[in-house]
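The values are calculated or read from the model by the stated rules, or taken from the named source; none is laboratory data. Predicted model only: the values in this text are computed from it and were never measured. Methodologically, a virtual Cβ is constructed for each residue, glycine included, from the backbone with ideal geometry; neighbour enumeration extends over all protein chains shown. Calculation scope for accessible area: heavy atoms of the full protein, side chains included, ligands and nucleic acids excluded. Shrake-Rupley method; radii C 1.70, N 1.55, O 1.52, S 1.80 Å.
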Amino acid sequence: MRIVVDTNIVFSALLNADSRIARIILQPRSGLNFYSTHHLLTEIESHREKLRQLAGYTQEQYDDVFAQISNRIKILDVRLIPVALMKNALHLTRDVDVDDTEFIALTDHIKGKLRSGDKALISGMQAKGWDKFILSKDLLEIV
């Protein structure tokens, strides 16, 4: 199964390496394939020090946890997503949260599911008829 993870999901996994979502991502034999875009890495890097401090990690511990989690996520170049899918995703997210456009477009492109903890995004997209979300509890059942 193909799962797109957004920034807040990876933040959660980084903040608590024993959390449900971290255990799901780090499970090597789950049959789940995780994807995201460079936007995820940019956001994580911009909050790196804050994440490290909140989690109580040393720099080495943070780097280790980040490496373990990021190694399980395939980062795809948004330029590989057809323009029509990007335009549709922008149209859908315009009044919800344009920062999530890439995640929506990528989910459509790989015909996957999106794991997000952003309740406003989930309700806003569902109101528009886009409901390709998956919950951690559902992923845990698969794992």
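Values as computed for the structure displayed
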quantity: Tally of residues being open to solvent by less than 50 Å² (accessible area, probe 1.4 Å) and polar (S, T, N, Q) across the range 9-21; calculated: 1
quantity: Wholly enclosed helices (runs of 4 or more DSSP H) of the range 13-67 bearing at least 3 residues more than 21 Å from Arg2 (Cβ to Cβ); calculated: 38-46, 48-55
quantity: Sole exception among (1) in a loop (DSSP other than H, G, I, E, B); (2) under 28 Å from Asn16 (Cα atoms); (3) touching a helix residue (DSSP H, G or I) at 6+ places or on another chain (Cβ under 6 Å) for Leu121, by number; calculated: (1)
quantity: Output for the range 87-105, where each listed residue is part of a loop (DSSP other than H, G, I, E, B) and open to solvent by 70 Å² or more (accessible area, probe 1.4 Å); calculated: Arg94, Asp95
quantity: Members of the range 119-143 found to be open to solvent by less than 40 Å² (accessible area, probe 1.4 Å) and within 16 Å of Asn8 (Cα to Cα), listed by number; calculated: Leu121, Ile122, Phe133, Ile134, Ser136
